[in-house]
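Below: the structure, in structure tokens.
The values are calculated or read from the model by the stated rules, or taken from the named source; none is laboratory data. Please read all numbers here as calculations on a predicted model, not as lab measurements. Note that each Cβ is placed from the backbone with ideal geometry, even for glycine, and that neighbours are counted across all protein chains shown. Calculation scope for accessible area: heavy atoms of the full protein, side chains included, ligands and nucleic acids excluded. Shrake-Rupley method; radii C 1.70, N 1.55, O 1.52, S 1.80 Å.
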Amino acid sequence: LESNKNTSRRVGVFTFPTVAKGDVAMPPFADTYATAARLVCFGFDGLAMNSHCERMIDSGCGAVIIFSRNISSPHQVATLCASMKRRAHPRKLLVMVDQEGGRVARFSENNHFTQIPSAQDVGNALDPVVASQTTGDVIGKELRAVNVDMTLAPVVDVNTNPLNIVIGDRSFGSDTNKVGEVASAFIRALQKKGVAACAKHWPGHGDSAGDSHDSLPTIAHTYERLRAVEIPPFLDAIAAGVASILVAHLVVPGMEHGAGDTAANTKGGDEKNGPTLPPASCSRSVVGALRNRFGFRNVIMSDDMEMGALRSLPGGVGRCAVDGLLAGVDLCLVCHSEEPQREVIAALAGAIAKDERARKNAAAAHARLDDLCKRFVDGAETAEAKAEAFSLSRVDAEAIVGKSSDQERVERAVGVSRL
């Protein structure tokens, strides 16, 4: 930015520039913190809003993720989500959950929802496309009823490594074409119910030997192999109109040269071994491939920034979040603790204040999040009406979610009983 066109003002530890007409349109001064917070999805403990949750919403966070720790019943979770949306009003707050089915299901029969089988069971059904459509339809209907706007599903990783414990039965199978077809059926059915889907874990976690929850795995395949096996299901998901894609914390050397943005991609390193490659979630090449090579125009988000894969990297989660924004990530998941959540927001705010590329990417991210919210995110009044519908004085919750007819429909389509 030209110094004769702009002034700056110090707020707290940051110096925020005033952006002149014709430059990237971003809010000045302290609003830069809220601009950064919009790019963060936070999580918290509790069945109702607590002070941690209130502070993150008041900071301007654009999304919240709920877990089993936040869910006891349909009425409770619908009320929780409505209260968070009211706190954020007039902004729209994106509420998301991990509802894949199988071992990754935050809603289950234990809290009066339909029990959804694993993706592996769906993929092994007599007609896996019909089975996937059915599970997508039921998940979409139930999440929409309790004010959840997005599920971080489907997993579109191809399960080519039987030793891969992090994916395994979360995948629809080991055949690339089948995974793409079945995942696309799920996406279309889910989004038809008004709930956003998220294809994960770009560019493919199915053949990793390690678990990115604990360490930073490397996918050592060549780009040619990735393009033939791991990437096609993501392209099928894009063709199906998937609302978002989640990028994994994986090192992918085969995509670091010419697959996307050709900007330098190094992170850390030492004199003996030279610079190290960044995780996919921080890589301009890996994230850039989604935009520049494969034409994805919707929201790109990171996996949880608190995962073990990022703990030992230089600069911590703040540096990783900034690298992600510069790479083209629109939304950073920070799913548990307030300290790293605030660290990420502060780091993003500093980058947006000082770096033109960060400002441009943040503006583009806001536009994509706006579009997602228009398509899938309920406002406070709609959410409150849905929560009120669960009042036991008016209607039995089982008439809305956890219906025996839906459970039977899922089991019939998949061919697997929950009993």
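Here are a few things to note about the model shown:
- Theoretical gain in end-to-end length, LYS192 to SER312 [0.36 nm per residue, Cα-Cα removed]: 39.1 nm
- Positive-end residue, the range 52-136 charge dipole about Cα centroid, Cβ charges, pick of MET56, ALA119, PHE107: MET56
- With K and R counted +1 and D and E -1, the other residues having a Cβ less than 9 Å from that of LEU246 yield a net charge of 0.
- Using a cut-off of 21 Å between Cα atoms, the listed pairs LYS178/LYS200; LYS85/LYS360; LYS92/LYS354; LYS192/LYS374; LYS193/LYS360 include LYS85/LYS360; LYS92/LYS354; LYS193/LYS360 as exceeding that distance.
- Chain lengthening between ARG293 and ALA389 when straightened (0.36 nm per residue, less Cα-Cα): 30.0 nm
- Given charges at beta-carbon only (K, R positive; D, E negative), |dipole| of the range 81-127 in Debye: 660 debye
- Look at the dipole of the range 302-372 built from charges on Cβ: of CYS320, LEU372, MET307, the Cα furthest out on the positive end belongs to CYS320.
- Listed residues ASP303, ASP149 arranged by accessible area, highest first, probe 1.4 Å: ASP303, ASP149
- Legend: calculated FRET efficiency, SER404 to PHE67, from the Cβ-Cβ distance at R0 = 25 Å, rounded to 0.05, equals 0.45.
- What you get for the range 158-227, charging only the Cβ of Lys and Arg (+1) and of Asp and Glu (-1), is a dipole of about 420 debye around the Cα centre.
- Estimated FRET transfer efficiency (GLU356, THR218; beta-carbon r; R0 45 Å; 0.05): 0.90
- Here the calculated FRET efficiency for SER51 and ARG225, from their Cβ-Cβ distance with R0 = 45 Å, stands at 0.40, rounded to the nearest 0.05.
- Put HIS249, HIS221, HIS75, HIS89 in order of accessible area, highest first, and with a 1.4 Å probe you get HIS89, HIS75, HIS221, HIS249.
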